[in-house]
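The values are calculated or read from the model by the stated rules, or taken from the named source; none is laboratory data. All of these numbers come straight from a predicted model, not from anything done at the bench. Ideal geometry is used to build each Cβ from the backbone, glycine not excepted, and the neighbour counts take in all protein chains shown. Accessible surface is based on the protein model in full, side chains and every heavy atom, while ligands, DNA and RNA are left aside. Shrake-Rupley method; radii C 1.70, N 1.55, O 1.52, S 1.80 Å.
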Amino acid sequence: MHPARRSQALCLLVALLLSAVVRAGAAEPPTLSIDIHQVKGKVSPMLYGLMTEEINYSYDGGLYAELLRNRAFQDNRRSQPFHWFVYESGNSDASMTMDTSTGPSRALPLSLALTIRSATTAEPAGISNEGFWGIPVRPHTVYQGSFYAKAADPSIGPIAVRLIDNDTARVLASTTVPTLGSDWKQYSFTLHSGLSPPSANNRLVLSAGRPGKLWFSLVSLFPPTYHDRANGNRIDLMEMLAALHPAFLRFPGGNYLEGNHIDERFLWEKTIGSLVDRPTHPSPWNYLSSDGLGLLEFLEWCEDLKMEPVLGVYAGYSLRQEYVQPGKDLEPFIAEALDEIEYVTGSTSTPWGAERARDGHAAPFHLTYVEIGNEDNHDGSGTYDGRFAQFYKAIKAKYPDLQLIATTPVKSVSPDVIDDHFYHSASQFFDDVDHYDKTDRQGPKIFVGEWATREGSPTPNFNAALGDAAWMTGMERNSDIILMSCYAPLFVNVNPGGMQWESDLIGYDTLDSYGSPSYYAQVMFSNHVGDQILDARLEGTALRFFYSVTRDSRDGKLYLKMVNATASPRPLTIRLNGVSQVNKNGQIISLSASTTQATNTILDPTRIVPKESTITNAATQFSHTLPPYSIQVMELEAR
Ligand code: AHR
């Protein structure tokens, strides 16, 4: 082409491109059009709840406030128990070993034997426990402790109990247990800390000032707990859960329900009663569970946060492809589940209801949902259909009002609810937000019993929060059929070696805790739900923009959830159809970040938190712009 022509053509092309750019720039923003009187369905009042299991040191070393690790010496039965050490001072001399010939109960048939060859009151000898990555000591705090012990000869004298700073050897709290007898007995003590600042690098020391031999078992130490419950939960973590206003708690798992092997399942009967009667058990997440947080503690946790229990019962399948054939072999497992339901719901005139009363809770718990198994789609034997049907018939025969949840579709009976699990990347969730839009409304209800955007470690980053928020808009829009949903896993201890599963909602160490951006996205969603799903649609296009609109019929408030998962601002027109009055002042809660990788950490716990602001231009039609990478809840009053 002639050079003049070429330059003319080039100019034309540039002009065309420019005008396209200008046109695009001037293009009307898309409209979020909301019909406030077009109620598409009812929002399930149980939409947002919690899922939990012993993983990532969620209970031991996490929510369950016990401060001592391997308190019953069941973690290993080798001569030197994990997490325990000989304590010697000055010229004192002692050694310890596991003794499998004596223990305080049938459930705990072993103990730690301590031989003190030389010690004085000034230079005592004993044992120490390092806690879960240290023992937290806070100023002016009262710690309740106890241990089972016996002495070969009571002349061993008093036992000193002290919390000691590992670095400085400073004693942060101390007391004495006056004397030990020669038979197993439980001794209790109280420790009061002084003025020193909060610290974690501490240990508990039990020591004596004279030579002799003594045995210890079930050594326990608790800080103050949520609602002051004995054997209770860590306060900061319970407060974080309370802020989610969860409607239910799905427990005890997850894989933790199933165990690697059948005899490692969550055998509820062994998790109730006095702690000395709980034998502990291996969890599938490679550590032993103390079972201090057992069936009754799960139920009391529900009570404390006003949640409904969603009880998972073991259904005859364990993770290493061990399964029980439906039929006669399954009957004992069905009896186990029926007894468990009776323990939860039975009056005190039933055997298990009476047992619950003896354990300290006479009032039965309200129970509507029972889940039969967990992720039985992984059972290669194909027996779930038969196993589920057998459980279903037996449970419905005795408890016709219970709603039964299947963990994967079955054919032989029709479950009340199906549990679906989703572990996705953010982009998978963006692409799948309409997952339930076309689901048959006549079939079983849906329980999204585990879901999470798995981006970020140990806790999710902002991209994950965007994926989660997008997915939640889809769940809300379909919450006529999605009865319940819960993120998993809930907790992670961020200390080295604490995590078995990446991307967990709430992180903590020995002293502190923090919420991930995903946690805050859930706080925003679950606190602004309403009870009606409104018809809303986007007119025009908007890349990676997600929304749901709900309304509270009691006070007329409108909740717009909007997610902009792009790096650019998202201008919008919001149109409210069928309204005569709109309060021009609206509230906005916004969670945003400058990059998708931005996140909160234990050292930077509040980098991304919701911020509240107001708008003053709300009307039947008004403009609004979402910032880049943002999740917003807009609250409006319109009639
Ligand atoms: O949430 C972690 C695990 O993921 C659960 O234990 C299991 O149900 C799922 O596979």
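Residues in region 37-53 that are part of a strand (DSSP E or B) and either within 16 Å of the ligand (Cβ to nearest atom) or open to solvent by 30 Å² or more (accessible area, probe 1.4 Å) (or both): H37, Q38, V39, K40, K42, L50, M51. Of the strands (runs of 3 or more DSSP E) that lie entirely inside region 472-553, those containing 1 or more residues that are touching a Lys or Arg at 6+ places or on another chain (Cβ under 9 Å) and more than 18 Å from L249 (Cα to Cα) span 506-508, 513-515, 532-539, 545-551.
One line per residue, one yes/no per condition, for (1) assigned by TED's automatic domain parsing to the domain that holds H435; (2) open to solvent by less than 20 Å² (accessible area, probe 1.4 Å); (3) at pLDDT below 95; (4) closer than 13 Å to V39 by Cα:
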position	(1), (2), (3), (4)
D512	yes, no, no, no
L543	no, no, no, no
Y547	no, no, no, no
K557	no, no, no, no
R570	no, no, no, no
N577	no, no, no, yes
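Filtered by the rule that a residue be more than 31 Å from the chain's Cα centre (by Cα) and either of a type in the set (K, R) or surrounded by fewer than 19 Cβ atoms within 10 Å (Cβ to Cβ) (or both), region 119-156 gives T120, T121, A122, E123, K150, A152, D153, P154, S155.
For every residue, the table says whether it meets (1) over 20 Å from V609 (Cα atoms); (2) of a type in the set (D, E, K, R); (3) within 19 Å of the chain's Cα centre (by Cα).
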residue	(1), (2), (3)
G449	yes, no, yes
N463	no, no, no
L466	no, no, no
E476	yes, yes, no
Q500	yes, no, yes
S503	no, no, yes
V523	no, no, yes
D535	yes, yes, no
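Select, from P279, P284, the only residue that is closer than 28 Å to C486 by Cα, touching a helix residue (DSSP H, G or I) at 6+ places or on another chain (Cβ under 6 Å) and open to solvent by 10 Å² or more (accessible area, probe 1.4 Å). The conditions single out P284.
Here the helices (runs of 4 or more DSSP H) wholly within region 269-358 that include at least 2 residues being under 26 Å from the mean Cα position of the chain (by Cα) are 295-304, 331-345. Answer with yes or no whether V523 is touching a residue at least 60 places away in the same chain (Cβ under 8 Å), within 16 Å of the ligand (Cβ to nearest atom), of a type in the set (V, I, T) and closer than 25 Å to H245 by Cβ. Against the criterion (touching a residue at least 60 places away in the same chain (Cβ under 8 Å), within 16 Å of the ligand (Cβ to nearest atom), of a type in the set (V, I, T) and closer than 25 Å to H245 by Cβ), V523 does not qualify. Against the numbered list (1) within 16 Å of the ligand (Cβ to nearest atom); (2) over 26 Å from V313 (Cα atoms); (3) part of a loop (DSSP other than H, G, I, E, B), D437 comes up short only at (1). Taking region 253-268 as the range and being within 16 Å of the ligand (Cβ to nearest atom), under 16 Å from P332 (Cα atoms) and under 21 Å from the mean Cα position of the chain (by Cα) as the test, the residues that pass are E258, R265, F266. Being farther than 28 Å from C486 by Cα and small (G, A, S) is the requirement here; does A72 meet it? So A72 passes the test.
Look through region 58-104, keep the residues that are in a loop (DSSP other than H, G, I, E, B) and among the charged types (D, E, K, R), and return whichever of them is nearest to A160 (Cα to Cα). Filtering region 58-104 for residues that are in a loop (DSSP other than H, G, I, E, B) and among the charged types (D, E, K, R), the one nearest to A160 (Cα to Cα) comes out as R71. Consider region 376-390 and keep the residues that are surrounded by 20 or more Cβ atoms within 10 Å (Cβ to Cβ) and within 14 Å of the ligand (Cβ to nearest atom). The one that is farthest from the chain's Cα centre (by Cα) is D379. For G346, the criteria (1) closer than 27 Å to A243 by Cα; (2) open to solvent by less than 30 Å² (accessible area, probe 1.4 Å) hold in every case but one, which is (1).
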